[in-house]
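Please treat every number below as a calculation from the coordinates, not as lab data. If you're wondering where the values come from, they're calculated on a predicted model, not measured in any experiment. All Cβ positions, glycine included, derive from the backbone under ideal geometry; neighbour counts span all protein chains shown.
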Protein chains: 2
Amino acid sequence: MEQREIEQFLNGQKRAVEETLSRYMARLRGPETLRRAMAYSLEAGGKRIRPLLLLATVQALGKDPALGLPVAAAVEMIHTYSLIHDDLPSMDNDDLRRGKPTNHKVFGEAMAILAGDALLTYAFQLIAEIDDDRISPPVRLQLIEQLAQAAGPEGMVAGQVADMEGEGKTLSLAELEYIHRHKTGKMLQYSVRAGALIGGASTEQQRELEAFADHLGLAFQIRDDILDIEGAEEKIGKRVGSDRDNNKATYPALLTLAGAKQTLRVHIEEAQRHLRQAKVNGAALAYICELVAARDH
Amino acid sequence: MEQREIEQFLNGQKRAVEETLSRYMARLRGPETLRRAMAYSLEAGGKRIRPLLLLATVQALGKDPALGLPVAAAVEMIHTYSLIHDDLPSMDNDDLRRGKPTNHKVFGEAMAILAGDALLTYAFQLIAEIDDDRISPPVRLQLIEQLAQAAGPEGMVAGQVADMEGEGKTLSLAELEYIHRHKTGKMLQYSVRAGALIGGASTEQQRELEAFADHLGLAFQIRDDILDIEGAEEKIGKRVGSDRDNNKATYPALLTLAGAKQTLRVHIEEAQRHLRQAKVNGAALAYICELVAARDH
């Protein structure tokens, strides 16, 4: 695929994800405020990087990416719940997210907690109710089990706790990587892994795609840290320099800014190498990888 | 079964649930504080009424109740997460639960939120990873889908939101029942439904067992409201009279205390009638039903 085709493909998939999310929200019965609070953060935009990774992986394996939409929506719901809870006053106490007031600023703290709980729970429902012979019941169960592992007490939540406990401390590079491998890495890796499961990857392909996702996840986080120093506030939609103000451990603080940029480049190259070794139609995945390295928000 | 046998059976099942919960907690890798926060509330005691309903339903259908232990543990984890989040300062702001300081009082608000998130997520993992031929993959998926429905934005969370939104308002009996059917009823009903699925109930038996659970759930809540007026503080482990102080709609407020007691009795009798119509070995379930009607904490 040429670059223009790849961009068209990814834009089309992003629209499909957003339509899928809207459909899942529209069918919900129950208190209207809850639904609005869930939808507010879910529809606040964002790059949809996790769903796109998932769908591009399905496509890279020669399958219809639409097969991955329910799991892609579930992944985005879990990502969104984690942002809502992270922004709470007792956590990061953020007022802005993607340039808009955070969920609790609009709906209040109690509703924000419940909207997060509801998104997390609904995500599992969406996978369990898949009714498509091309994804067998045992594969659906694997998709659920691995999602819970990636998001739960040994995954994303563990990373969030380690991050909280590391605040104000001097961390080693290994400790910083533990935090990022869990807080953001596990869900990015799950997205690729779920795509591989749905796409029917071989064991060898699965291994290479997971290594791809691991390096991509670390690159993603390093870029985040660099953006906190170099990014323009209006682009990233939140205050820059907040890491330094909060005395947070970051890659630039540990490695210098130049060192962080070099490490970012190494992880991107390693990711691309593993992607080539997976022997898939990896054009869209390679493109996402370069986007992550160069993104300005 | 005689009463003594039933009591022995239920005590044994309660121990089995608690051992199962301990085992699931012990195997967790990750930040120690998170695990302690999760275990603190999970091991804080409680009647384990949901797991017992589930296991007694499996047993009533002539199957080995141990088959139901992973789902029973999952149900208790979800119940526990809901208590942790409900007690938060921005929600009910409770300092005591079962006579002990609430989770956020011990571990702080951020950790309490994360411990709840982790318990909710881990619950789904436990069902997805069941590896027992007697519970087929399609049944495991149904167990997950229905659990998410019972706990999520159309179930327990919807009830919690409706409860919040009803505070300080005069509610009709129908509005009050909506709250309870969702806030506590859905998860009680799921417990019986999951037991029926695992035990291989017929469609007819499922219908009767669900009606049983519906009446039991309402009885449970009415008893709760009565206890808030009549209960002894040291027995229920939290402040009595808090509903009236918080200006909450309750059955006694709507029906008078005598009317609430009569309605409680009607729901218990209806529950027992549906249980008989289910034509199962319902001695332990009938006993739980009477316990609910008479419980003093």
Could you grab me the full set of residues in the range B:148-159 that are part of a helix (DSSP H, G or I), within 8 Å of another protein chain (Cβ to nearest Cβ) and of a type outside the set (Val, Ile, Thr)? B:Ala148, B:Gln149, B:Ala151, B:Ala158
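Residue-by-condition table, conditions (1) surrounded by 24 or more Cβ atoms within 10 Å (Cβ to Cβ); (2) touching a helix residue (DSSP H, G or I) at 6+ places or on another chain (Cβ under 6 Å):
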position: B:Glu43; (1), (2): no, no
position: B:Lys47; (1), (2): no, no
position: B:Leu55; (1), (2): yes, yes
position: B:Gly68; (1), (2): yes, yes
position: B:Val71; (1), (2): yes, yes
position: B:Met91; (1), (2): no, yes
position: B:Leu96; (1), (2): no, no
position: B:Pro101; (1), (2): no, no
position: B:Lys105; (1), (2): no, no
Search the range A:172-192 for residues being away from chain B (no Cβ under 14 Å) and out of contact with any helix residue (DSSP H, G or I) (no Cβ under 6 Å at 6 or more places or on another chain), and hand back the single one that is surrounded by the fewest Cβ atoms within 10 Å (Cβ to Cβ). A:Ala174
When the range A:115-127 is checked residue by residue, the ones that are in contact (Cβ under 8 Å) with a residue 24 or more places away in the chain and under 25 Å from B:Gly30 (Cβ atoms) are A:Gly116, A:Asp117, A:Ala118, A:Leu119, A:Leu120, A:Tyr122, A:Ala123, A:Phe124, A:Ile127
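In a helix (DSSP H, G or I) and in contact (Cβ under 8 Å) with a residue 24 or more places away in the chain: does that describe B:Glu145? Outline the logic, then answer.
Details: in a helix (DSSP H, G or I): yes; in contact (Cβ under 8 Å) with a residue 24 or more places away in the chain: no.
Considered against the rule, which asks whether it is in a helix (DSSP H, G or I) and in contact (Cβ under 8 Å) with a residue 24 or more places away in the chain, B:Glu145 comes out as no.
So, in the range B:63-89, exactly how many residues are part of a loop (DSSP other than H, G, I, E, B) and of a type in the set (Gly, Ala, Ser)? Don't jump to the end; show me each part of the working.
From the range B:63-89, those part of a loop (DSSP other than H, G, I, E, B) are B:63-64, B:87-89; that's our starting set.
Restricting the remaining residues to those that are of a type in the set (Gly, Ala, Ser) gives none.
Result for the range B:63-89: 0.
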Considering every residue within the range B:128-135, establish whether at least one is outside any loop (DSSP other than H, G, I, E, B), at negative phi and in contact (Cβ under 8 Å) with a residue 24 or more places away in the chain. no
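Do we have any residue at all in the range A:47-62 that's in contact with a Gly (Cβ under 9 Å, 6 or more places away or on another chain), in a loop (DSSP other than H, G, I, E, B) and over 21 Å from A:Gly159 (Cβ atoms)? It would help to see each step written out before you state the result.
Keep residues of the range A:47-62 that are in contact with a Gly (Cβ under 9 Å, 6 or more places away or on another chain), which gives A:51, A:53-62.
The next check asks that each one be in a loop (DSSP other than H, G, I, E, B); those that pass are A:61-62.
In the following step, the residues that additionally are over 21 Å from A:Gly159 (Cβ atoms) were identified as A:61-62.
There is at least one residue in the range A:47-62 that is in contact with a Gly (Cβ under 9 Å, 6 or more places away or on another chain), in a loop (DSSP other than H, G, I, E, B) and over 21 Å from A:Gly159 (Cβ atoms).
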If we keep only residues of the range A:160-173 that are of a type in the set (Gly, Ala, Ser) and assigned to a helix (DSSP H, G or I), then the residue farthest from the chain's Cα centre (by Cα) is A:Gly166
The range B:90-119 - residue that is in a loop (DSSP other than H, G, I, E, B) and facing chain A (nearest Cβ under 8 Å) and, of those, farthest from A:Ser90 (Cα to Cα): B:Met91
Look through B:Arg36, B:Arg48 and report the one residue that is among the charged types (D, E, K, R) and away from every other protein chain (no Cβ under 14 Å). B:Arg48
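Name the residue, out of A:Glu165, A:Glu129, that is facing another protein chain (nearest Cβ under 8 Å), under 30 Å from B:Ile135 (Cβ atoms) and touching a helix residue (DSSP H, G or I) at 6+ places or on another chain (Cβ under 9 Å).
Working: A:Glu165 fails: under 30 Å from B:Ile135 (Cβ atoms).
Criteria check complete, one pass: A:Glu129.
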